[in-house]
1. Using a 1.4 Å probe on the protein heavy atoms only, what accessible surface does A:F10 show? Give it in Å² to the nearest 10.
2. Give me the percent of Cα-Cα pairs in chain A that sit more than 34 Å apart, rounded to a whole number.
3. Tell me, what is the per residue accessible area of the range B:1-158 in Å², probe radius 1.4 Å?
4. Taking all pairs of different Cα atoms in the range B:252-302, averaging 1/r and flipping that mean, what Kirkwood radius in angstroms comes out?
5. Which value, in debye to the nearest 20, gives the size of the charge dipole of the range A:68-149 about its Cα centre, when Lys and Arg are +1 and Asp and Glu are -1 at the Cβ?
6. Please give the total accessible area that chains A and B bury against each other, computed with a 1.4 Å probe and expressed in Å² to the nearest 100.
7. Compare the Cα positions of A:A245, A:A280, A:I299 along the charge dipole of chain A (+1 at Cβ of Lys, Arg; -1 at Cβ of Asp, Glu; about the Cα centre) and return the one farthest towards the positive end.
8. Which value results for Rg/Rh of the range B:152-302 when Rg is the Cα radius of gyration and Rh the Kirkwood radius based on the inverse mean 1/r?
There are 2 protein chains.
Amino acid sequence: MSILVVGSVFFDSLETPHGKAERALGGAATYFSVAASFFAPVRMVATVGEDFPQAEIDFLTKRGIDLSGLEHRKGRTGFWKGRYHEDMNQRDTLALDLGVFSDFEPKLSPEHSKSPYVFLANIDPQLQESVLDQLGAPGVVGCDTMNHWITGSRDQLERLLKRVGILVINDEEARLLSGERNIVRAARKLLQMGPERVLIKRGEYGVIQFSPDSVFAVPAFPLEEVFDPTGAGDTFAGGFMGEIARSGGLSESSLRRAIVYGSVMASFVVEDFGLGRLRALTQDEIDRRYRQFVSLTDIDGA
Amino acid sequence: MSILVVGSVFFDSLETPHGKAERALGGAATYFSVAASFFAPVRMVATVGEDFPQAEIDFLTKRGIDLSGLEHRKGRTGFWKGRYHEDMNQRDTLALDLGVFSDFEPKLSPEHSKSPYVFLANIDPQLQESVLDQLGAPGVVGCDTMNHWITGSRDQLERLLKRVGILVINDEEARLLSGERNIVRAARKLLQMGPERVLIKRGEYGVIQFSPDSVFAVPAFPLEEVFDPTGAGDTFAGGFMGEIARSGGLSESSLRRAIVYGSVMASFVVEDFGLGRLRALTQDEIDRRYRQFVSLTDIDGA
């Protein structure tokens, strides 16, 4: 079953303690789509400028991503330049040019509006809601958000959350949105705001999932080098939603496996700059790391 | 099989965002012993002053802890006063009086020197080594340490580590001792220093175990309230070593189960001030939380 994602496509100039990359393909919708494409057909709704290279169109198309919802507009593709600290949980924005993304208005084709699986990547909650308004009756809607919208557009965000099944955010955002420092209490409050499940991303410490009657925690895959954490959260969401769309299952065990697949994809993407590692990734490597995750977390032995 | 622990017995005056406790029984050897006593007979080697109350002797004895190695000396029992910040990973020491602990010299009885399971809690590595010198041929030796010894007594500590099977430290200490920021690289370096296993405690994010050929990660139990984190690490070590002594197993799966039991005990101790929660704890509660841990981490479903 195919999965629709709405979000940003950017170019990122990145500097980490391990090196640099200039104008690497990035943006939440891109990371999500490429990760999800290993599991299910993906439809990307986003906007790019005249500077967007055919080579990247070819790459995304080759990954089976339907780009009929990728709007090409007069102007520049969004651009972000950032530098990570020695502690890569910290980063500074050195430059930001929203380009054509600044007046992005997602429009769904009749075909896209029937998508059974939908992910609303981090954009203005008003736009996220406009996507929901264009949808028929999607089976599963996931969404992400960020500090900017939590503090600046809380009302719109709270309205959106009533219509979303799975909220995928990081721990800092969960605390800010709930007003609770303790992560369990934060998750309980977020569940009261609407979503049936809340997935909290904890960076190098993995992911913890809350539903009204269960908790599941999975560590991040222990890596000797993290080259570039950019896009790890969106890549997680892509693997997670992709596996849900592939299996079609929403049972507790299907969702847990999907969380592990999301973690697998995130563990790969940070091994190189931008999307570098995912461009070269094979299904075999995904399967092998999934088994390593099982062994990493299995109480009954390796 | 019985387990010998050498370390400190203190009184702690504690202030956390949730309240206060005055002169609560504490110290690494105490937390370790009480936690381990739920699994195996414990022998405690430590020192206390004239102010140590009979009621606490009775409590420890009732828990089956052999106090023949608890030296009663002229002077005061060690005392620590600390205040935790809103973020309970941060704390300030408000007062410290080592009392009789300042010239503690562990002496093992002939009976104790034959102990098959030994834990060297956080004391001067020179004293930790003097305990090893007094031992016959222990089956399993675990040890802890802290920043103070890593920076101030590195040579002695490195000598000790060559003789220790299981190193149990927190992530900050692992980074300091190894000189590596990345936790996987840190663990690899620590394994090269002698221990066959390195267990790294990550507070609210759980524990990760490294051996030369395996990695195991378990999250901390998600709690809605952490009242007092004091002694959580020592309580973890007590549950972990206690379960090893109980099962007698050193297979990968035995050690993993022991890590979960350690995590179970740590998850209880932080629910109340000092040892309060462990004083009231039942075997039934331990078993129930162990099953909750299995469900929390089981990829194949709840």
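The values are calculated or read from the model by the stated rules, or taken from the named source; none is laboratory data. None of the values given here were measured: they were computed from a predicted structure. Heads up, the Cβs are rebuilt from the backbone with ideal geometry, glycines too, and the neighbour counts pull from every protein chain shown. Areas reflect the complete protein model, heavy atoms only, side chains present, ligands, DNA and RNA absent. Shrake-Rupley method; radii C 1.70, N 1.55, O 1.52, S 1.80 Å.
1. 20
2. Working: 6088 of 45451 pairs.
Percent of Cα pairs beyond 34 Å in chain A: 13.
3. Details: 6790 Å² over 158 residues.
For the range B:1-158, the per-residue accessible area is 43 Å².
4. Numbers: mean 1/r = 0.0853 Å⁻¹.
Radius from the Kirkwood sum: 11.7 Å.
5. My answer is approximately 300 debye.
6. 3100
7. A:A245
8. Working: Rg = 15.6 Å, Rh = 16.0 Å.
Result for the range B:152-302 is an Rg/Rh of 0.97.
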